[in-house]
Amino acid sequence: VPIAFAQFLEDFFEQYSLKMKERGFSLSLTVDPDSIIIADESQLKQILNNVLDNAMNYSPVGGVIRVQLTNEREQVILKITDSGIGIPKEDIPHVMDRFYRVNKARSRFDGGTGLGLAIVKQMVVLQKGTVTIESEAGKGTTVRLSFPSVS
Ligand code: ATP
Ligand code: MG
């Protein structure tokens, strides 16, 4: 189904930003309005939930989570950036593997199973998209999702 991604995000965050606020985080959302993709809305929500859950779990309370939607040629790009603990370089290639978790002792959160990003990866691929992670230990993490745009 074609989805107006900008509108979808604005609707999604109307609810979700309240949940973020309850947990002590604030949202910075910027969207390019002309971003149409073909995707399943419930899977998109699951993707966002898992990525945003990580952004909060692996960041000190009080942080800003930045969500940016842009168009780049044939792709619609969604970047979700936190300023949390980051991921060491050597772990980045593995964090989307099932059950992989970075040294639990480092984070204030240790209740995870290590499946969130594996599910994200699987769902993004089902939507014909790609997911990449850029991160620097101690600085923060950006999850970059890319979907083919409909023009
Ligand atoms: P689950 O999501 O199943 O509850 P989880 O959060 O441990 O558990 P993933 O979401 O797959 O599992 O993430 C895997 C690991 O990658 C995490 O345990 C954490 O070490 C690291 N990680 C993921 N996102 C971030 C982030 N935004 N900042 C820092 N580390 C992260
Ligand atoms: Mg997780």
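The values are calculated or read from the model by the stated rules, or taken from the named source; none is laboratory data. Owing to the predicted nature of the structure, the values given are computational and were not obtained by experimental measurement. In this analysis, Cβ positions are derived from the backbone assuming ideal geometry, glycine residues included, and neighbour counts consider all displayed protein chains.
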Completion exercise
Subset of the range 105-130, residues within 11 Å of ligand 1 (Cβ to nearest atom) and of a type in the set (Gly, Ala, Ser), comes to Ala105, Ser107, Gly111, Gly112, Gly114, Gly116, Ala118
Handout entry: Subset of the range 72-95 [surrounded by 18 or more Cβ atoms within 10 Å (Cβ to Cβ) and closer than 12 Å to Asn54 by Cα]
Key = Ile80, Thr81, Asp82, Gly84, Ile85, Gly86, Ile87, Val95
Completion exercise
Flagged in the range 134-149 as away from ligand 2 (no atom under 12 Å from the Cβ) and in a strand (DSSP E or B), in numbering order, are Glu134, Ser135, Glu136, Gly140, Thr142, Arg144, Leu145, Ser146, Phe147, Pro148, Ser149
Exercise for the section: From the list Tyr100, Tyr58, pick out the single residue that is within 30 Å of Gln7 (Cβ to Cβ), within 8 Å of ligand 1 (Cβ to nearest atom) and among the aromatic types (Phe, Trp, Tyr). Expected result: Tyr58
Handout entry: Total residues in the range 61-118, condition charged (D, E, K, R), closer than 30 Å to Asp34 by Cα and either in contact with a Cys (Cβ under 7 Å, 6 or more places away or on another chain) or more than 16 Å from ligand 2 (Cβ to nearest atom) (or both)
Key = 5
Practice task
Go through the range 89-107 and give me each residue that's farther than 26 Å from Phe147 by Cα and at pLDDT 95 or above.
Solution key: Glu90
Handout entry: Residue list for the range 104-151, restricted to those being surrounded by 18 or more Cβ atoms within 10 Å (Cβ to Cβ), over 15 Å from Ile92 (Cβ atoms) and among the hydroxyl-bearing types (Ser, Thr, Tyr)
Key = Ser146, Ser149
Fill in the blank from the handout: Residue set Leu18, Leu29, Leu48; condition among the hydrophobic types (A, V, I, L, M, F, W, C) and over 13 Å from the mean Cα position of the chain (by Cα); output residue Leu18
